[in-house]
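To start, the structure itself, in structure tokens.
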Amino acid sequence: MDGGRGRRAVATAPTHVTGFFAPALAARDPRGRGSIGAGVVLAASVRAVARFEPGGRRTVRVTSDVDRRLEISEEAARRIAGDRRGRLEIHLDHPLPLGQGFGTSAAGATATALAAARLLGRSRARAIQTAHLADLFGRGGLGGVAAILGGGLEIREHPGIPPFGHVAHVPSEGPLVIGIVGPPLPSPAILRNRRFLERLDEVPEYVDRLRSRPSLEEFFRLSESFTDRVGLASPALRATIRSVRRRGAWAAQAMFGESFFARPRSPAARRAILRWLERRAVRAVEIEIAGSGARARALADRTAPGRGRRARTEQAF
């Protein structure tokens, strides 16, 4: 592909919640670094629309629907552009708030890299590698890019992106209740806390248990245990999680966020939980589990980046 004039590309990358994890950063090659653990891929995707005009100065510009710079996505775009002369513009739309444990930095970097790669003739493998390294070194997350290459329940058995790491994806269905109780958590600071890291010793055992019984029910049991063990939740978030559990759902903290994800065990429990959250004015929404992972496609050049129709899941909160 020559990245010709008058062409655009769009890519979508799903968001994601992690139930339990442990950093795994010992590999000499950073493509083999990340985390082990498990999470659920959400059917609420970051959408990137890219446009490239060849010739002239090399220019890379990333805009979005949020009022802040997206350094990780910018880095991914610059690395995909390389030394190609021309103007690369990318616009991102986010379905969920940033910094709340929903994997938006990994999803943004992945969607950015895939859309740019589609236009500029780069391979999908290069795009995934670029997004992973941008997210890793930009301290956005630990393995989020690898997790969202497929849908359903994801089990990070070995850290890193393929072929260094391995993530098993278990097809899963149904909505989860996602809610936010407080401000974002500073994940880099937490990951430098020795006392916190000591609480992650049991995660390899959690991964083995989930591999032997790969189901949402087992995942939630382990995630609840992890939430209670690591103690990252604020008093307000702990109280919310306990109340949701008492009303008939599995519920755990989304790592890292002052947020939770839950799965009601029955229709009656779902109704009771949604009523209770509404009465308490907790920001919450139901989101389906994704059936597939990140993808990209070419578009006809009809509108500029950021002016097209928005995704249905956008602005869920």
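The values are calculated or read from the model by the stated rules, or taken from the named source; none is laboratory data. None of these values were measured; they are calculated from a predicted model. We place every Cβ from the backbone using ideal geometry, glycine too, and count neighbours over all the protein chains shown.
Assorted remarks:
- Per the conditions (1) over 23 Å from GLY179 (Cα atoms); (2) without any contact (Cβ under 8 Å) to a residue 40 or more places away in the chain; (3) not β-branched (Val, Ile, Thr), the sole criterion not satisfied by SER105 is (1).
- Against the numbered list (1) in contact (Cβ under 8 Å) with a residue 60 or more places away in the chain; (2) within 30 Å of THR130 (Cα to Cα); (3) not aliphatic (A, V, I, L, M), PRO175 comes up short only at (2).
- The set of residues in segment 242-262 that are surrounded by 24 or more Cβ atoms within 10 Å (Cβ to Cβ) and either free of Cβ contacts under 8 Å to residues at least 60 places away in the same chain or not polar (S, T, N, Q) (or both) comprises VAL244, ALA251, ALA252, ALA254, MET255, GLY257, PHE260, PHE261, ALA262.
- Candidate set from segment 163-190 (those that are of a type in the set (A, V, I, L, M, F, W, C) and more than 18 Å from the chain's Cα centre (by Cα)); member that is surrounded by the fewest Cβ atoms within 10 Å (Cβ to Cβ): ALA189
- When segment 219-262 is filtered for residues that are among the polar types (S, T, N, Q) and under 18 Å from the mean Cα position of the chain (by Cα), the ones remaining, listed by number, are SER223, GLN253, SER259.
- Hey, ALA26 surrounded by 23 or more Cβ atoms within 10 Å (Cβ to Cβ) and either at pLDDT 95 or above or of a type in the set (Gly, Ala, Ser) (or both) or not: no
- Pairs where the first residue, in segment 48-74, is charged (D, E, K, R) and at pLDDT below 95 and the second is surrounded by fewer than 19 Cβ atoms within 10 Å (Cβ to Cβ) and outside any loop (DSSP other than H, G, I, E, B), C-beta under 6 Å, 6+ apart: GLU53/GLY86; GLU53/ARG87
- Here is the figure for segment 87-113: residues that are of a type in the set (A, V, I, L, M) and farther than 22 Å from SER123 by Cβ total 2.
- Strands (runs of 3 or more DSSP E) completely within segment 244-317 that count 3 or more residues being of a type in the set (Gly, Ala, Ser) and modelled with pLDDT of 95 or more: 249-253
- Residue in segment 202-209 that is at pLDDT 95 or above, touching a strand residue (DSSP E or B) at 6+ places or on another chain (Cβ under 8 Å) and either farther than 26 Å from ARG139 by Cβ or part of a loop (DSSP other than H, G, I, E, B) (or both) present: no
- Output for segment 227-241, where each listed residue is surrounded by fewer than 17 Cβ atoms within 10 Å (Cβ to Cβ) and either free of Cβ contacts under 8 Å to residues at least 24 places away in the same chain or in contact with an Asp or Glu (Cβ under 9 Å, 6 or more places away or on another chain) (or both): ASP228, ARG229, SER234, PRO235, ALA236, ALA239
- Under the condition of being within 15 Å of the chain's Cα centre (by Cα) and outside any helix (DSSP H, G or I), the residues counted in segment 87-111 number 12.
- VAL230 being at pLDDT below 95, touching a helix residue (DSSP H, G or I) at 6+ places or on another chain (Cβ under 7 Å) and over 26 Å from ALA131 (Cβ atoms): yes
- Residues satisfying the stated conditions in segment 263-281, i.e. surrounded by fewer than 17 Cβ atoms within 10 Å (Cβ to Cβ) and either closer than 17 Å to VAL17 by Cβ or in contact with a helix residue (DSSP H, G or I) (Cβ under 7 Å, 6 or more places away or on another chain) (or both): TRP276
- Residues located in segment 62-86, provided they are charged (D, E, K, R) and more than 20 Å from ARG126 (Cα to Cα): ASP65, ASP67, ARG68, ARG69
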